[in-house]
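Each remark here refers to the structure printed beneath this line.
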Amino acid sequence: MKSTLTAAALAAALAMGATQASAEMSDIKVGMITTLSGGGASLGIDIRDGFMLAVKQAGAGHVDVVIEDDQRKPEIAVQLADKMVQSDKVDLLTGIIWSNLAMAVVPSVTAQGKFYLSPNAGPSALAGKGCNKNYFNVAWQNDNMHEAAGAYANEQGYKNVFIFAPNYPAGQDALTGFKRFYEGELAAEIYTTLGQQDYASEIAQIRASDADGVFFLLPGGMGISFLKQYADSGLDLPLMGAAFSFDQGILQAVGDAAMGVRNTSQWNKDIDNPANKKFVETFQAEYDRLPSLFASQGYDTAMLMISAMKKADVKDADAFRAALEEADFESTRGKFSFDTNHHPIQDIYVREVIKEGDVYTNKLIGTVLTDHSNAYVDECKM
């Protein structure tokens, strides 16, 4: 994708945005716990880079960010969260990719009166009965992308789909979401091991089934391994998934094995609005790569936080919470608002994997769900 901003123009735009924001914002200290090593590192790096780009544009002097690597281990994430709250004295936490880590960290953080803004993980337990007034999800509720995939499977006439995902909260929510909207039969429903790299058994089960399509959730390195092995297997059943398995960083590692696969997402680089165009251009200029879905979520999370900082001091929790609930920022997704359980109301799209020059990426195909919320709103009593 060719950049249309010169370096000088980008620097001027960032400087102007920073100057304007500096005159208006209060100060905040942020603790970012995310995955920066191991198989899921690319996701955490993108969350971090998107978040920090927005902070830079807003004037970094008002935002102090402490960044730590959770190594995709719940016990380390909990230790880091306790340190950030009790020793570093952060006002707000963010950054977690994985739902099992979110379930370990978020209830403790909010119980201590701190705000948590999720740039990714959206387990159903935190959207329903376990919701909290200081917890906001800026990405999705875990079921959402998979509900859209189920709806899309209906549109395409699939009658007998083979579905599978890792056995952790997001994987369970994924298959629940798909089944909530899908109207056909299931050839099989299985759970794999989180972090699994060998999918010979699953591919054999797909081959032996009478499925007419395959739906799966395999984020990060898991998706890379499966897609390569699936391509080598010679199976030609159509694949469907959510954005997590077909995102920008993952596609380069998968290569031709992902070409043509349809996947669901609430964001893509070709969504036509000014905020998204600015984000894509400035991210490329800053980091010399195309942004991913995760980068857009990190960016939007910071933009939400900054919008609240312009209206209230984080030390005034009630006022800051009210400012977050307004979601008064220009999202890369376009339309964006919170439902009463602090999870997004947004459009969800179908994308197709394509190749632009030497770069594998996605293009928008159409909208599957419009102004979509989540199934757990009525269970949340705040």
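Those residues that are farther than 19 Å from Lys29 by Cβ and open to solvent by less than 10 Å² (accessible area, probe 1.4 Å), I need them from the stretch 98-111; list them, please.
Answer for the stretch 98-111, where residues must be farther than 19 Å from Lys29 by Cβ and open to solvent by less than 10 Å² (accessible area, probe 1.4 Å): Trp98, Ser99, Leu101, Ala102.
If we only count helices (runs of 4 or more DSSP H) wholly inside the stretch 233-344, which ones have 2 or more residues that are closer than 27 Å to Val377 by Cβ, open to solvent by less than 10 Å² (accessible area, probe 1.4 Å) and in contact with a Pro (Cβ under 6 Å, 6 or more places away or on another chain)?
Helices (runs of 4 or more DSSP H) meeting the threshold: 293-309.
How many residues are of a type in the set (A, V, I, L, M, F, W, C) and farther than 30 Å from Phe162 by Cβ when one looks only at the stretch 235-288?
6
Residues in the stretch 208-218 that are open to solvent by 10 Å² or more (accessible area, probe 1.4 Å) and either outside the structural domain of Leu194 (by TED's automatic domain parsing) or within 21 Å of Gln71 (Cα to Cα) (or both): how many?
The initial filter retains those residues of the stretch 208-218 that are open to solvent by 10 Å² or more (accessible area, probe 1.4 Å), namely 208-212.
Applying the additional criterion that residues be either outside the structural domain of Leu194 (by TED's automatic domain parsing) or within 21 Å of Gln71 (Cα to Cα) (or both) yields none.
Residues in the stretch 208-218 being open to solvent by 10 Å² or more (accessible area, probe 1.4 Å) and either outside the structural domain of Leu194 (by TED's automatic domain parsing) or within 21 Å of Gln71 (Cα to Cα) (or both): 0 in total.
Run Asp318 past the list (1) over 30 Å from Asn154 (Cα atoms); (2) in contact (Cβ under 8 Å) with a residue 40 or more places away in the chain and report the number of the one that doesn't hold.
Going through the list (1) over 30 Å from Asn154 (Cα atoms); (2) in contact (Cβ under 8 Å) with a residue 40 or more places away in the chain, Asp318 breaks only (2).
Yes/no per residue for (1) surrounded by 24 or more Cβ atoms within 10 Å (Cβ to Cβ); (2) free of Cβ contacts under 8 Å to residues at least 40 places away in the same chain; (3) under 15 Å from Gln346 (Cβ atoms):
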{"site": "Gly113", "(1), (2), (3)": "no, no, no"}
{"site": "Asn120", "(1), (2), (3)": "yes, no, yes"}
{"site": "Leu126", "(1), (2), (3)": "yes, yes, no"}
{"site": "Lys129", "(1), (2), (3)": "no, no, no"}
{"site": "Asn134", "(1), (2), (3)": "no, no, no"}
{"site": "Trp140", "(1), (2), (3)": "yes, no, yes"}
{"site": "Met145", "(1), (2), (3)": "yes, no, yes"}
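Name every residue in the stretch 59-84 that is charged (D, E, K, R) and either assigned to a helix (DSSP H, G or I) or open to solvent by less than 60 Å² (accessible area, probe 1.4 Å) (or both), in order of residue number.
Those that are charged (D, E, K, R) and either assigned to a helix (DSSP H, G or I) or open to solvent by less than 60 Å² (accessible area, probe 1.4 Å) (or both): Glu68, Asp69, Asp70, Glu75, Asp82, Lys83.
The values are calculated or read from the model by the stated rules, or taken from the named source; none is laboratory data. Predicted model only: the values in this text are computed from it and were never measured. Using ideal geometry, Cβ is built from the backbone for each residue, glycine included, and neighbour counts are taken over all protein chains shown. Calculation scope for accessible area: heavy atoms of the full protein, side chains included, ligands and nucleic acids excluded. Shrake-Rupley method; radii C 1.70, N 1.55, O 1.52, S 1.80 Å.
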